[in-house]
Each structure stands twice: as structure tokens, then as C-alpha cells.
Amino acid sequence: MENHVLDIRGMTCAACAQRIERSVRRLPGIGQANVNLASEKLFVEYDAEALQLPDIKAAVSKLGYEVLEKAAEMAREKGGPAERDGAGAADEDSVRKQREIRVMWTKFIVASIFSIPLLYIAMAPMLTQYGISLPYPNWLSPMERPLAYALLEAALALPVIGVGYRFYTVGFKALWQRSPNMDSLIAIGTSAAVLYSLYSTWRIASGSHHAVESLYFETAGMIITLILLGKTLEAVSKGKTGEAIKKLMGLAPKTAIVVRGGLEKEMPIEEVEIGDIVAVRPGAKIPVDGTVLEGHTAVDESMLTGESMPVDKNAGDPVYAASLNTTGTILFRADKIGSGTALAQIIKLVEDAQGSKAPIAAMADKVSGVFVPIVCLIAALSGVAWFVGTDGDLEFSLTIFISVLVIACPCALGLATPTAIMVGTGKGAENGILIKGGEALETAHQIDVIVFDKTGTITEGKPSVTDLLAVDGFPAASLLQLAASAEKGSEHPLGRAIVADAQDKGLELLKADSFNSITGHGIEARIGGQAVLAGNRKLMDGRGIALAELEADSDRLAGDGKTPMYVAVDGRLVGIVAVADVVKPSSREAIEDLNRMGIGAVMITGDNRRTADAIARQAGIGHVLAEVLPQDKSDAVKKLQGEGKRVAMVGDGINDAPALAQADIGIAIGSGTDVAMESADIVLMRSDLRDVPTAIHLSRRTIRNIRQNLFWAFGYNVVGIPIAAGILRLLWGGPLLNPIFAAAAMSLSSVSVLTNALRLKRFKPTH
């Protein structure tokens with residue numbers, strides 16, 4: 001199965017999205033088809049052997065919607081290199097949307113120029129009934145010059161209808177294809193008003209001057225103008241919801257300096273090949289992913305991780321596209337280009353997430369699918385009922401009919417979920433939290449328990465020196481120097497940790513005249529004429545070296561989950577160097593945040609019970625699953641789920657992948673393996689456990705926002721349609737809803753939903 005994203009133009013409401021989805025899903029070979037109304041994209045999965053991309057495009061075009069062809073997409077179909085230019089695609093998309101917004105503003109302004117005088121001409125004579133007198137020319141008096149009055153209104157209304165022609169071309173086409181949408185409602189309502197007004201104008205010309213009271217030109221003109229305003233504001237707001245991904249796409253530089261044949265050459269980024277040597281100077285962005293060959297620098301990787309502190313880079317270290325080189329010049333080998341770079345993968349993850357649908361959207365989708373036909377039916381029944389109930393008052397029943405059609409707003413329903421998901425996932429990406437889909441975003445807020453892998457997740461994942469305990473009179477620095485000098489030739493992780501600590505402290509490593517590794521016990525070496533032993537209790541016992549002086553300290557260190565390494569010189573114990581895989585500084589703070597949120601924490605590890613309990617105490621975790629084999633971790637998650645709990649799993653290794661997949665939500669540490677990140681629903685790029693509560697908090701905020709949007713979208717229609725249908729007037733003799741106010745309310749409903757979703761942009765991490 002292949003995945004593809006198509007940009008669709010011309011959608012106006014949720015009914016349009018439903019219509020496209022239904023049509024595409026009928027095609028043979030389609031796996032999935034989801035339309036995101038907010039981003040105006042179709043996310044489609046299809047079998048390339050049964051179906052070709054042009055067939056999908058043709059199905060969408062047949063419905064009357066425009067499928068945009070991007071330069072990068074056309075190049076990809078031809079096998080060209082332009083597919084790699086994410087920045088170009090971002091620029092192209094931004095320019096196109098800005099152009100569309102300018103066109104919409106122009107249409108609104110033109111409509112306003114004609115509709116405002118039209119409204120004044122229609123309303124000013126009516127206000128005299130309420131004692132309000134406005135300047136008005138006598139030659140245009142509706143009572144004295146009814147035909148001139150009617151013809152001027154028609155002349156002012158026609159340009160407005162011309163500007164809003166798209167409502168009619170799309171709306172009636174959708175109606176003809178038995179898939180009415182919001183444009184259909186506007187087209188039917190305003191056409192009814194205009195046709196009835198033209199009929200009244202004919203009656204006036206025939207001598208029935210009282211028909212001047214039956215003109216609705218201003219209603220049609222103001223409805224179109226107000227809806228154009230709402231659509232323009234909606235387009236501006238939509239542009240803001242996708243800002244996060246546009247920023248990501250625009251990060252990559254457009255050129256790279258490649259060294260070929262000993263010469264530096266600046267070339268477009270599309271021409272960089274795997275294996276090329278690339279030079280990057282201070283202040284420049286890194287063009288592609290690679291490995292440093294020469295030089296030293298500090299790189300700002302905040303665009304990937306959200307971490308503001310630059311990361312030191314030396315030969316052998318990885319560098320990533322779009323990160324900023326800050327201090328030194330480096331040469332690196334290009335390892336990944338185009339869609340293979342980390343930035344491209346992040347963009348794809350965010351795009352996929354924004355195109356996915358959360359389960360909470362299911363109800364809105366079902367309602368949207370039948371909404372417009374039901375509204376048309378309600379409008380027709382209301383109009384007929386009032387026509388019969390008022391003994392043939394056509395004007396009154398027409399007002400009811402138009403008001404019901406115009407106030408109905410499937411736009412708000414269609415925008416309620418995708419806009420919040422777009423902003424929520426985008427905000428997560430800005431903070432180094434990659435959420436892979438709407439379902440993951442929704443499920444995260446329901447989590448009861450989070451299971452943490454120990455090594456590399458709660459702990460640093462590599463041993464380091466934690467304690468130096470020297471016997472009386474022996475310097476601690478000399479203890480570390482001797483131990484490190486003896487371990488210099490060792491490949492054991494504990495030995496490497498001791499050597500690294502000595503080097504970090506600037507201690508000179510002494511030359512060992514001899515070295516012998518004793519498997520399972522430790523090492524022995526001769527340094528400066530002294531016999532040095534470094535190892536465990538078994539080594540000391542075997543050589544008859546007494547430990548009584550430090551035995552209590554040794555037991556305490558072991559109880560804290562640390563590994564004591566004894567050091568003896570010339571047959572006498574001189575001290576202990578304690579090594580441990582230390583708890584990350586952020587781990588305890590993250591667990592405390594989760595406890596405050598009412599979420600339980602469990603640590604799972606293959607380590608022995610004593611070490612596991614010690615690490616758990618340091619991290620503030622009360623529930624420990626120790627001595628669990630890698631293949632049994634997923635069973636442990638399943639057992640918690642069997643107790644009725646919603647479980648998230650946080651891990652970083654290959655052995656965590658089955659548990660990540662089994663959990664309701666899998667959360668991978670960004671520094672972990674590709675397999676773990678592939679299995680996870682959420683990836684923490686900063687490898688900071690404090691991002692776990694941040695992700696849960698973001699999920700809760702986003703779902704609350706979606707619920708608010710759905711409440712207002714449903715509530716608006718539940719209240720608005722009965723008012724427009726005249727129910728209040730029937731029950732309590734209340735006022736009738738003017739179609740112009742109905743149009744204003746309809747436009748504002750979509751804008752209010754988008755504005756509420758944009759409040760998520762103010763979300764800030766909890767740390």
C-alpha cells in the first residue's frame with residue numbers, strides 16, 4: 001500500500017469533506033481516505049497495483065473540487081530531485097494561500113461596496129416607522145418611485161451575486177449530484193430571495209406598486225457579503241493553525257557547500273548526494289544529515305529537540321539537517337538526504353498526525369454526512385408549514401425558508417476536531433514532542449498508569465562514577481588516578497566509566513607496566529612499581545585483602561543500587577570507587593508531576609530486586625517490576641491492562657518495542673533506537689522524562705478544546721435552527737430571525753471555533 005497527500009481546494013464545509021471521502025473510498029484498491037478540512041488535504045492509502053494516483057485525482061475533480069499540482073509532486077512523479085525541497089514546498093504553499101486570502105479580501109470589499117448602499121436604500125425608508133429619519137433622495141422613494149427603487153436594488157445586488165458566483169456553481173452542482181453542502185444552502189436561500197424579488201419587480205412594472213414591500217435583494221446581497229467575510233476570516237485563521245509545520249518545512253537551507261575534487265562548490269540542496277563531503281561554516285544551517293569528519297563546533301538543535309542549549313560536535317558525531325552551526329567550521333559526510341533526513345521524517349510524522357482523525361470526531365463526521373440534506377428538509381417543511389399556517393403569506397414563509405438554510409453551519413462541525421489536532425500536534429512538535437496521530441493524542445489524556453523502562457529511560461543508560469571512598473590518609477584523587485590508570489586497558493563498561501571520570505577531572509593517567517584482566521573478578525596491573533588490584537569482593541577475598549574498614553560503606557553503596565569496585569595497592573585496601581547507572585536529573589521531577597496529575601508510575605527492569613528498588617527510591621517510584629526478561633515486558637503491560645487500566649509504556653531500546661506496541665500509548669525516548677521509535681505513538685526528541693507529563697497535559701488541553709468546539713458547533717445549530725424556523729415565535733410570539741442576522745451568525749460560528757482552537761498556541765510546557 002502507498003500513502004499520498006493531495007491538496008484540495010474548493011471545500012467549504014464538513015459535507016464537502018464527507019463527499020470527497022465517500023467518493024474516493026468507492027474506488028478499487030483504496031485502503032484509507034481521510035480529508036482534513038482545516039488543512040484542505042486528502043490523506044489517502046491505496047494499492048498501486050489496483051489504482052493509480054491520477055484516478056484518485058480524477059475522482060476528486062469530478063466532484064467539482066480542485067486538486068493542486070505542486071512542483072515537488074510533479075517532479076516526484078517524473079523521478080526528479082525536486083521532491084527533496086521541503087523549504088520550496090513550504091514557500092509555494094505559503095505564497096498560494098496568501099494569494100487566495102488576498103483574492104477573498106478583494107471579493108469581500110467589492111461585495112461591501114455594493115451591498116452597504118443596497119442595505120441603506122432598503123432599510124432607511126423602513127426606519128421611519130420607528131421615528132428614525134435618515135437622509136434619503138425623494139426620487140428613490142419606494143412609495144412614489146417603486147420601479148426605480150426596485151431596479152436600483154437589483155442593479156446593486158447583481159455585482160454582489162457575481163462576486164459570490166462560486167456559491168452557485170459549486171452549490172448547485174453538489175445539489176445536482178445529490179451531495180448538497182454549505183454552498184448549496186447559500187445558493188438555494190439567496191436564489192429564492194433574488195427570484196422572488198425579480199418576480200416582485202415584474203409585478204411593480206405591471207402596476208402592482210404594493211409589491212415593493214416584497215423585495216429581498218438586500219437580503220441576498222448581505223448574506224453573500226457576510227459569508228464572504230466569514231470565509232475570509234476563516235481562511236486567515238486556518239493559515240495560523242498550520243504554522244508549526246510551515247515553520248518546520250521552511251527550516252532547511254536551500255543550498256549546500258560541497259567539497260569535490262578538493263574544491264568547494266555551492267549548489268542547490270537537491271543536488272547533494274549521499275557520501276558527499278559538506279562544509280558548514282559558523283552561522284550557517286546544516287543542509288542534510290551526516291557524520292562529522294573534521295572540526296569541532298557547537299550545534300543548535302532546538303528545531304529538532306526543543307532544547308535551547310547547543311550540543312558539542314566532534315569527529316564521529318551525527319549532525320542533522322536544518323540545525324544551526326554556531327561556533328566552528330566542520331566537514332561532514334552526507335548520510336541522509338531529502339525525505340530520509342530527520343527533519344523530513346518529523347514533518348511527515350506531523351503531517352500524518354494532522355491528517356488523522358481522533359475517535360472523538362466520529363460523532364461529528366456522522367452528523368456532518370446527513371446534516372445538509374436534513375437542513376434542506378427542515379427549511380422546506382418550515383416554509384410550507386408557515387405558508388399554510390398564515391393562510392398563504394408567501395413573504396413570511398420565504399423568510400423562514402431562507403433563514404433556516406442560511407443559519408445552518410456544517411463548517412463549524414467540520415472544523416471542530418481537525419483544527420485543534422493541527423494546533424495541538426504542531427505545538428507538541430515545537431517542544432520536541434512528536435505525536436503520531438489523532439488517536440494517540442486522544443488516548444493519552446485517558447492514561448491511568450505509565451510504565452517506565454529503567455536503563456536509558458529513568459537512568460542515563462551508561463555507568464558513571466558516583467562515590468570515591470578512600471581509607472584514612474589516602475588521597476581520593478590518587479585513588480581515582482590509580483584505578484583509572486589500571487583500567488585504561490580494560491573494555492569493561494565500569495572500567496571505561498572510571499577512566500572517563502578521571503579524564504573529566506583532568507587527572508593524568510599513569511603508564512601501566514603490566515596488565516591482566518581476571519574474568520568475573522577485575523584486573524591487576526603494575527603502575528610505578530606498585531601492584532594495583534581493582535575489582536569486586538571475590539577478587540579481594542581471593543587475594544586475602546581485608547575489607548573490614550570499608551565493609552559497612554560497601555553494603556550501603558550496594559543498597560543504593562551502586563556497584564562498589566575495591567582498589568588495593570601492594571596488598572592493602574586503599575578505597576572504593578562506586579559506579580552506577582545514575583538516575584537522570586529530570587526523572588524524579590517527571591514522576592512528581594505525574595503523581596500530581598493522578599497518574600501512577602511503574603518501573604520495569606531486568607535488574608535484580610535490590611538494585612531496582614534503589615533506583616526506584618531515587619526516582620520516587622513506588623511500584624517496581626524487577627527481574628523481568630525483555631520478552632516478558634509486553635506481558636507485564638498486558639497484565640496491567642487486564643486490571644482495567646489504560647497503560648502507557650516509556651522505553652528506548654529494541655527490547656522495549658513489543659511493550660511499546662502492546663501499551664495503549666507507546667512513548668519512545670528520542671535518543672533510543674529506530675525500532676523503539678517506530679513502535680511508539682509519541683516520540684520525545686529531547687530524551688527528557690519531564691516531557692511525558694507535558695505530553696499528557698497537552699493531550700488533555702487539546703481534547704478539552706475539541707469538546708468545547710463540538711459543544712459550540714452542535715449547540716449553535718441546536719439553538720439556531722429552531723429560532724430560524726420560527727419556533728420561538730410560535731410558542732411565545734417572539735421576533736422572527738432576519739436572514740441577514742442568520743448569515744452573520746453562521747459566519748461567526750466557524751470563526752469562533754477556529755479562534756478557540758488557536759488558544760492552544762498559548763500552551764507552554766510544565767517545565
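Some notes on this structure:
- Hits in segment 29-54 - residues which are out of contact with any Phe, Trp or Tyr (no Cβ under 9 Å at 6 or more places or on another chain) and not in a strand (DSSP E or B): Leu37, Ala38, Ser39, Glu40, Asp47, Ala48, Glu49, Ala50, Leu51, Pro54
- Within segment 64-90, being within 22 Å of Glu100 (Cα to Cα), at pLDDT below 85 and not basic (Lys, Arg) holds for Gly64, Leu68, Glu69, Ala71, Ala72, Glu73, Met74, Gly86, Ala87, Gly88, Ala89, Ala90.
- The residues of segment 124-141 that are at pLDDT 70 or above and either among the hydroxyl-bearing types (Ser, Thr, Tyr) or open to solvent by 60 Å² or more (accessible area, probe 1.4 Å) (or both), listed by number, are Met126, Thr128, Gly131, Ile132, Ser133, Leu134, Pro135, Tyr136, Asn138, Trp139, Ser141.
- Test: residue in segment 654-673 that is open to solvent by 40 Å² or more (accessible area, probe 1.4 Å), part of a loop (DSSP other than H, G, I, E, B), farther than 30 Å from Ala408 by Cβ and at pLDDT below 80: yes
Residues are listed down the side, and each one gets a yes or a no for (1) basic (Lys, Arg); (2) open to solvent by 20 Å² or more (accessible area, probe 1.4 Å); (3) out of contact with any Cys (no Cβ under 7 Å at 6 or more places or on another chain); (4) assigned to a helix (DSSP H, G or I):
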residue	(1), (2), (3), (4)
Gly598	no, yes, yes, no
Val602	no, no, yes, no
Gly606	no, yes, yes, no
Thr611	no, yes, yes, yes
Ala616	no, no, yes, yes
Ile621	no, no, yes, no
Val628	no, yes, yes, no
Asp635	no, yes, yes, yes
Leu640	no, no, yes, yes
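- Scanning segment 561-588 for residues that are buried (at least 18 other Cβ atoms within 10 Å of the Cβ) and of a type in the set (Asp, Glu) gives a single hit, Asp581.
- Taking segment 256-346 as the region of interest, the strands (runs of 3 or more DSSP E) fully inside it that hold 3 or more residues being open to solvent by 70 Å² or more (accessible area, probe 1.4 Å) are 263-268.
- A count restricted to segment 3-28 and to residues that are of a type in the set (Lys, Arg) and assigned to a strand (DSSP E or B) stands at 1.
- Hey, Ile447 under 43 Å from the mean Cα position of the chain (by Cα), in a loop (DSSP other than H, G, I, E, B) and among the β-branched types (Val, Ile, Thr) or not: yes
- With respect to the conditions (1) open to solvent by 60 Å² or more (accessible area, probe 1.4 Å); (2) over 29 Å from Ala612 (Cβ atoms); (3) part of a helix (DSSP H, G or I); (4) among the small types (Gly, Ala, Ser), Ala546 lacks only one, and its number is (3).
- Some residue of segment 694-710 being modelled with pLDDT under 80 and either surrounded by fewer than 24 Cβ atoms within 10 Å (Cβ to Cβ) or touching a Gly at 6+ places or on another chain (Cβ under 9 Å) (or both): no
- Annotation note: Cβ proximity below 6 Å between a residue of segment 1-22 that is farther than 17 Å from Met182 by Cα and of a type in the set (Val, Ile, Thr) and a residue that is open to solvent by 10 Å² or more (accessible area, probe 1.4 Å) and assigned to a strand (DSSP E or B) (sequence gap 6+ or interchain) occurs for Val5/Lys41; Val5/Phe43.
- Any strands (runs of 3 or more DSSP E) falling wholly within segment 459-536 and containing at least 3 residues that are surrounded by 14 or more Cβ atoms within 10 Å (Cβ to Cβ) and aliphatic (A, V, I, L, M): 464-470, 522-527, 530-535
The values are calculated or read from the model by the stated rules, or taken from the named source; none is laboratory data. A quick note: this is a predicted structure, and the numbers were derived from the prediction, not measured. Here the Cβ is made from the backbone with ideal geometry for all residues, glycine too, and neighbour counts use every protein chain on show. Note: areas computed on protein heavy atoms with side chains; ligands, DNA, RNA excluded. Shrake-Rupley method; radii C 1.70, N 1.55, O 1.52, S 1.80 Å.
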